[in-house]
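Quick notes on the structure that follows.
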């Protein structure tokens, strides 16, 4: 049975957390999600696919772009579920950045309307990334697809930083796959850059195959991370089909499904024993 660390999931409660970005969605994920919901998603997958059942070890919580990060920090500090293996929390990257002490990593959303174009090229961002590298703390980079080249430039300037590219750089179709290929290859040449294989629609097999081909061509399999993006995956694909595709593609690959997330986020053995 394939062991899995899900390197990218979200939990939230809109009844107490301000999540204004949900107003722009179809409403299907505007409800409370907790760790038990995530466990049920994997249990349901196993029930529906008994011949391809997985052993869900736990996962990495990624910040949810809330308007109240202090509340988010507190809620996560109070969550002691043993399957919550690591957290990537919200901060504004810079020399004076603040973050909760329990955080394994940091994400500043670079793909949202609130983030100015070219943000990752700003001097304060680069200095902050250098400080994160000094502390061996990974940065989750969720960028606009046409700014992958900017991200590659920054990572080349700070090659010692561990940078985890979220959602295959937000490539969503064959057109921006082709235009982003060079930037992904530049990122893949840097030994401390990882990429999460998530965030893309699964209804076009030709596109999915080409995207996964690009991921494996640009990055070593030791720097590709399985991620579900649950529950946001329900807005553009579905949890089961995403997982099934990757189980078929990366069959038996413990690095992809388990080891790489453990290494990138420094998840200690006692958390997953």
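The values are calculated or read from the model by the stated rules, or taken from the named source; none is laboratory data. Worth saying up front: this structure is predicted, and the values here are computed from it rather than measured. Virtual Cβ from ideal backbone geometry, glycine too; neighbours counted across all protein chains shown.
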| Is one or more of the residues making up segment 259-271 over 19 Å from residue 173 (Cα atoms), out of contact with any helix residue (DSSP H, G or I) (no Cβ under 8 Å at 6 or more places or on another chain), without any contact (Cβ under 8 Å) to a residue 40 or more places away in the chain and not in a helix (DSSP H, G or I)? | yes
| message | For residue 248, only one of the following conditions fails: (1) touching a residue at least 12 places away in the same chain (Cβ under 8 Å); (2) part of a helix (DSSP H, G or I). What is its number? | response | (1)
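Residues that are in contact (Cβ under 8 Å) with a residue 60 or more places away in the chain and either in contact with a strand residue (DSSP E or B) (Cβ under 6 Å, 6 or more places away or on another chain) or within 22 Å of residue 200 (Cα to Cα) (or both): which helices (runs of 4 or more DSSP H) entirely in segment 25-142 hold 3 or more of them? Can you show your working first?
On the way: elements: 35-48, 69-77, 123-134.
Because the criterion is at least 3 residues that are in contact (Cβ under 8 Å) with a residue 60 or more places away in the chain and either in contact with a strand residue (DSSP E or B) (Cβ under 6 Å, 6 or more places away or on another chain) or within 22 Å of residue 200 (Cα to Cα) (or both), the helices (runs of 4 or more DSSP H) in segment 25-142 that meet it are 35-48.
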| request: May I ask you to say which residue of 226, 265 is surrounded by 20 or more Cβ atoms within 10 Å (Cβ to Cβ), farther than 13 Å from residue 197 by Cβ, at pLDDT 95 or above and in contact with a strand residue (DSSP E or B) (Cβ under 8 Å, 6 or more places away or on another chain)? | output: 265
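For segment 164-183, how many residues meet the condition of being more than 18 Å from residue 227 (Cα to Cα) and crowded, with 20+ Cβ neighbours inside 10 Å?
Residues in segment 164-183 being more than 18 Å from residue 227 (Cα to Cα) and crowded, with 20+ Cβ neighbours inside 10 Å: 3 in total.
How many residues does segment 169-202 hold that are closer than 22 Å to residue 89 by Cβ and not in a helix (DSSP H, G or I)? Quick ask: steps written out before the conclusion?
The initial filter retains those residues of segment 169-202 that are closer than 22 Å to residue 89 by Cβ, namely 169-170, 192-196, 198-199.
From what is left, the residues that are not in a helix (DSSP H, G or I) are 192-196, 198-199.
Count: 7.
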| remark: Of the residues in segment 143-168, those that are at negative phi and assigned to a helix (DSSP H, G or I) number 14
| task | Might you check whether a residue that is within 15 Å of residue 2 (Cα to Cα), in contact with a helix residue (DSSP H, G or I) (Cβ under 6 Å, 6 or more places away or on another chain) and at pLDDT 95 or above occurs anywhere in segment 29-46? | result | yes
| All but one of (1) buried (at least 16 other Cβ atoms within 10 Å of the Cβ); (2) without any contact (Cβ under 8 Å) to a residue 12 or more places away in the chain hold for residue 211; which doesn't? | (2)
| query | Exactly one of (1) closer than 30 Å to residue 26 by Cα; (2) in a helix (DSSP H, G or I); (3) in contact with a helix residue (DSSP H, G or I) (Cβ under 8 Å, 6 or more places away or on another chain) is unmet by residue 222. Its number? | reply | (1)
| task | Within segment 166-182, identify whether any single residue is more than 17 Å from residue 211 (Cβ to Cβ), at pLDDT 95 or above and out of contact with any strand residue (DSSP E or B) (no Cβ under 9 Å at 6 or more places or on another chain), and answer yes or no. | result | no
